[in-house]
């Protein structure tokens, strides 16, 4: 850890928060999670609002007794699983290696 990070105090966890590596990790996390959360919330509220204000549209039968509303509702589950899968792949590829490296560096500094 750099000397400037050490001057932040004796707590190594507080000191690591000021490092460029931690800030980059935080930026990467927010850059992925915030847009994905916004997308899901918009999609969810569109579903809810259509259910409230457009019941005729949501009740439109697509085939048999399957309606647009039912397909949208099932789409919520599919979207949730897809976002979880996408996040897990992204975290394993991009985020976790950087977080592990930073954690290992922090653990190494605690021994000194």
Criterion (loosely packed, with under 11 Cβ neighbours inside 10 Å, within 22 Å of the chain's Cα centre (by Cα) and modelled with pLDDT of 95 or more) met by exactly one of 91, 38: 38
For residue 69: the one exception among (1) assigned to a helix (DSSP H, G or I); (2) more than 27 Å from the chain's Cα centre (by Cα): (2)
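Being within 13 Å of the chain's Cα centre (by Cα) and exposed (fewer than 11 other Cβ atoms within 10 Å of the Cβ): is that true of residue 49 here? Steps first, please.
On the way: within 13 Å of the chain's Cα centre (by Cα): no; exposed (fewer than 11 other Cβ atoms within 10 Å of the Cβ): yes.
For residue 49, the condition - within 13 Å of the chain's Cα centre (by Cα) and exposed (fewer than 11 other Cβ atoms within 10 Å of the Cβ) - is not met.
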Selected residue [without any contact (Cβ under 8 Å) to a residue 60 or more places away in the chain, closer than 30 Å to residue 26 by Cα and out of contact with any strand residue (DSSP E or B) (no Cβ under 6 Å at 6 or more places or on another chain)] from 72, 95, 77: 77
Some residue of the range 12-25 being within 16 Å of the chain's Cα centre (by Cα) and assigned to a helix (DSSP H, G or I): yes
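Considering only residues of the range 13-27 that are closer than 26 Å to residue 92 by Cβ and in contact with a helix residue (DSSP H, G or I) (Cβ under 6 Å, 6 or more places away or on another chain), which is surrounded by the fewest Cβ atoms within 10 Å (Cβ to Cβ)?
21
The values are calculated or read from the model by the stated rules, or taken from the named source; none is laboratory data. All values reported here derive from a predicted model rather than from experimental measurement. Cβ atoms come from the backbone with ideal geometry, glycine included; neighbour counts cover every protein chain shown.
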